[in-house]
1. What is the fewest-to-most order of A:9, A:31 by other Cβ atoms lying within 10 Å of their Cβ?
2. How far apart, in nm, are two points set 7 Å out from the Cα along the Cα-to-Cβ line at residue A:76 and at residue B:7?
3. For A:28, B:1, A:52, which order do you get if you count the other beta carbons within 10 Å of each Cβ and list the fewest first?
4. How far apart, in nm, are the 7 Å Cα→Cβ label points at residue A:20 and residue B:108?
5. From Cα pairs below 8 angstrom and at least 6 apart in sequence, can you work out the relative contact order of chain B, rounded to a whole percent?
6. Give the relative contact order (percent, whole number) for chain A; include only Cα pairs under 8 Å separated by 6+ residues.
7. Rg to Rh for chain A: what is it, with Cα atoms only and Rh by Kirkwood?
8. Stokes-Einstein D for the protein assembly as shown at 37 °C, 0.692 mPa s, Kirkwood Rh over Cα pairs, in µm²/s?
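Just so it is clear, none of the values below were taken in a lab; they were calculated from the coordinates. Just so we're clear, the structure is a prediction, and the values are computed from it rather than from any experiment. With ideal geometry, Cβ positions are generated from the backbone for all residues, glycine too; neighbour counts draw on all protein chains shown.
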């Protein structure tokens, strides 16, 4: 078990370009989450999947953002027409839902995005 | 809208001392998490608290939950430098869905 893996770890892009981040969750975890974190703040929820179904999206997830989890395993988060305000660390997390809740949510190392 | 407040936001303490970080939340919750984050790193899960009166301990850290007061505490006993990090509490309302994080408490333990 290698934990939650994210790629790339760092991305610098010009304003207006598109970027895509990939997340590989812990194997067998059926839930996958995306969060965004800016310096000095706590992570903010973006969206989550159970298997391949996207069950909840935050208002933060504008129409420039799209997330997929096509086979219920890895996930991608794409940001189109990036803006400087998109600069942040994008965190992926996964968990295994079980009865009674209390599932630990494991976070990846994050993908740092800098929009210049 | 669920709001989570931590205090203090910054904490500087000496090695060997005890202190408590507080986490208040605004609406009913069924899960509370504590995470640690080192600079430039991801979040490390410390505790998951599920029920009123729950208490969990790991090393020098102990977390508790009072769902009636909507309050969780993270108590640090005899702090050591290695505990220097930012600590977040996060609250969930239904099992498996979004977590709402506090702003974090930046802890510095001085020799």
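1. A:9, A:31
2. Taking the two extended label points, one gets 4.7 nm.
3. Lowest count first: B:1, A:28, A:52.
4. 4.3
5. 37
6. 36
7. A ratio of 0.96.
8. It comes out at roughly 182 µm²/s.
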